[in-house]
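The values are calculated or read from the model by the stated rules, or taken from the named source; none is laboratory data. Nothing here was measured: the structure is a model prediction, and the numbers come from that model. Cβ sites come from the backbone with ideal geometry, for glycine too, and all protein chains shown count toward neighbours.
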Amino acid sequence: MRGPTRGALVVLVLSMLVLLLWQLRQESQQLLDNQRQLGLAYSSQLANHLSLNMELKASAGQALLQPHVLPPSNPDELEELLHTLRGVFPTLRSLAWLNGQGRIIADSRAPTEDALYLAELLQRGGGESFFYTFSANDNGRIYLLLRHNPDSAASGYWVLRLTNQALTSWLHEHHQSPHHWLLEDRNAQRVIASNTTQAANNSSVAPPVTAENLDQSMLKTPLKGSDWQLRALFNERKVRAQQLPQLASKLLLFILCATLTLVALYRLLNEQRSLHALNTASRRSLQQAASVLGAIEERVLVTDSNGQLQYLNPQAEAMFGLSNSEARNWHLLKLLPRLDPLLLHDTALHNDLGPDLVEIQQNGVAHLYDISRSDLSEDQKRTGFV
């Protein structure tokens, strides 16, 4: 049994290891799925937050500019208007008025250097009540196109020029998020803002969307009133690397437990084998002792410390007409009423006087037998007599 038992233990441990590896793989995949779902939920919330912020600021700007469909008549009024607008748009640089055909009526930053871009802006967002766009010129510039009257297609427009820091202030609290995202111009495929390490280390204005970004992309959400979109990113390799120490510690802990279990089972197996060998040797010794007791002429009776019979050898069974199973119900003094009861109590006295003689009736004839007694003891405590 030694070989098969060892093989069974090895198979058991290997099966447990395979089961653990499968469990760890399932746990890792579940963690990845959870992180992916959290990233998607965060991206949706961020897109809603940014869209609402952009719409509210556009509405506030329209409300402030509504009394100024025509440009102010003097520089002081213009400066006061710009100051008021900076309460909503702190990074405001300049303000321009356009007619319904897109021709520039007035500009707080004359001469106008971006007339061509403003004409293009009107073509892309002229049908909206407000429209945001991004230009990489001048270290990054945000344009906000506002219609004088959203319900009239012939109304004129205001154009607010903002620095790129406007987005930074709008998204400040989201730059520290563990979920990565990109705000990009979906037409030019360039990154306007991001919280990734790669974008933070890139000093260029509006870097292009990379192949790595496309590979990590989970969701693209267009933002209303702009040509921007929010791209949710998920770096599976990085998340797996973050999970690796925890999964490795679990694996090592299980291997340790499995090894200790195997060692304990192996020691139990050795102990069981030793006990089996001792039991076999004891049975062999008992069989030899029974053979010896059956071969001698003396009648041997074994009792416990109280004199209750425990064993009769074959000669004693034949003499008294009792079997071993029947003898267990007999007391020695009941079987030998003429026996001195002190034999069951005092050892030294009878050992000094020699054997006792007891008369025993056998088939109607009285016979004298000499009785000798020996003690049975265990751990220096008397357990019976022979």
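Quick notes
- For residue 297, the conditions (1) closer than 26 Å to residue 4 by Cβ; (2) not in a helix (DSSP H, G or I); (3) not β-branched (Val, Ile, Thr) are fulfilled apart from (1).
Listed here are the residues, each with its yes/no results for (1) assigned by TED's automatic domain parsing to the domain that holds residue 92; (2) in contact with a helix residue (DSSP H, G or I) (Cβ under 6 Å, 6 or more places away or on another chain); (3) surrounded by 14 or more Cβ atoms within 10 Å (Cβ to Cβ); (4) β-branched (Val, Ile, Thr).
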residue	(1), (2), (3), (4)
17	yes, no, yes, no
30	yes, no, no, no
44	yes, no, yes, no
47	yes, no, yes, no
50	yes, no, yes, no
55	yes, no, yes, no
60	yes, no, yes, no
69	yes, no, no, yes
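- Filter result (basic (Lys, Arg) and either farther than 19 Å from residue 56 by Cβ or modelled with pLDDT under 85 (or both)) within region 132-168: 141, 161
- Failed condition for residue 39, given (1) at pLDDT 90 or above; (2) within 22 Å of the chain's Cα centre (by Cα): (1)
- Conditions (1) at pLDDT below 90; (2) farther than 29 Å from residue 183 by Cα: number failed by residue 129: (2)
- Residues (touching a residue at least 12 places away in the same chain (Cβ under 8 Å) and assigned to a helix (DSSP H, G or I)) located in region 222-248: 236, 239, 240, 243, 247
- Close Cβ contacts (under 6 Å, 6 or more residues apart or on different chains) running from residues in region 83-107 that are closer than 19 Å to residue 125 by Cα to residues that are acidic (Asp, Glu) and assigned to a strand (DSSP E or B) comprise 96/107.
- Those strands (runs of 3 or more DSSP E) of region 50-148 in which at least 1 residues are closer than 20 Å to residue 163 by Cα and of a type in the set (Val, Ile, Thr), considering only elements entirely within it, cover 130-135, 141-147.
- Lone unmet requirement of (1) of a type outside the set (Asp, Glu); (2) at pLDDT below 85; (3) in the same structural domain as residue 140 (by TED's automatic domain parsing); (4) exposed (fewer than 12 other Cβ atoms within 10 Å of the Cβ) for residue 3: (3)
- The residue of region 208-234 that is surrounded by the most Cβ atoms within 10 Å (Cβ to Cβ), among those that are touching a strand residue (DSSP E or B) at 6+ places or on another chain (Cβ under 6 Å) and among the basic types (Lys, Arg), is 231.
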